[in-house]
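The values are calculated or read from the model by the stated rules, or taken from the named source; none is laboratory data. If you're wondering where the values come from, they're calculated on a predicted model, not measured in any experiment. With ideal geometry, Cβ positions are generated from the backbone for all residues, glycine too; neighbour counts draw on all protein chains shown. To get the accessible areas, we keep the full protein, side chains included, count just its heavy atoms, and leave off ligands, DNA and RNA. Shrake-Rupley method; radii C 1.70, N 1.55, O 1.52, S 1.80 Å.
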Amino acid sequence: MERDSQLKLYEAVAARLKEAHTRVRSLQVPEGVRMALSRKLLVITAAAKHDLPDAATRLDRLMKDLDEGRFPEDD
């Protein structure tokens, strides 16, 4: 049973990561902001390999920031 719930979480995180990458690519923001967001997505992807629940939490936070128009500063 635990394995089934872990698989469902993995599938949900994978689908949301794909959606997040698509959203970041389509944003009309300076390139530095897009790169910072892409780095965040790469960190979340790497975290998913070791701590899936933490990665899901981080992804939820990032998606909320995108929804609310909060972006990192342009370097």
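Worth a mention:
- Direction-averaged projected area, Cα convex hull, the chain: 4.8 nm², rounded to one decimal.
- Cα long-axis angle, helix 2-26 against the chain (0 to 90 degrees, to the nearest 10): 10
- Using C-alpha pairs below 8 Å separated by at least 6 residues, the relative contact order for the chain is 37 percent.
- Descending by average beta-carbon neighbour count within 10 Å, the peptides 65-72, 11-18, 41-48 line up as 41-48, 11-18, 65-72, the highest first.
- Taking the 1.4 Å solvent-accessible surface of the chain as the whole, the part contributed by carbon and sulfur is 54%.
- Separation in nanometres of the label points that stand 7 Å from Cα toward Cβ, at Asp4 and Arg39: 4.2
- In nm, spacing of pseudo-spin labels at Leu27 and Ala46 (7 Å Cα→C-beta vector): 1.9
- Average accessible area per residue (Å²) across the chain - probe 1.4 Å, nucleic acids and ligands excluded: 71
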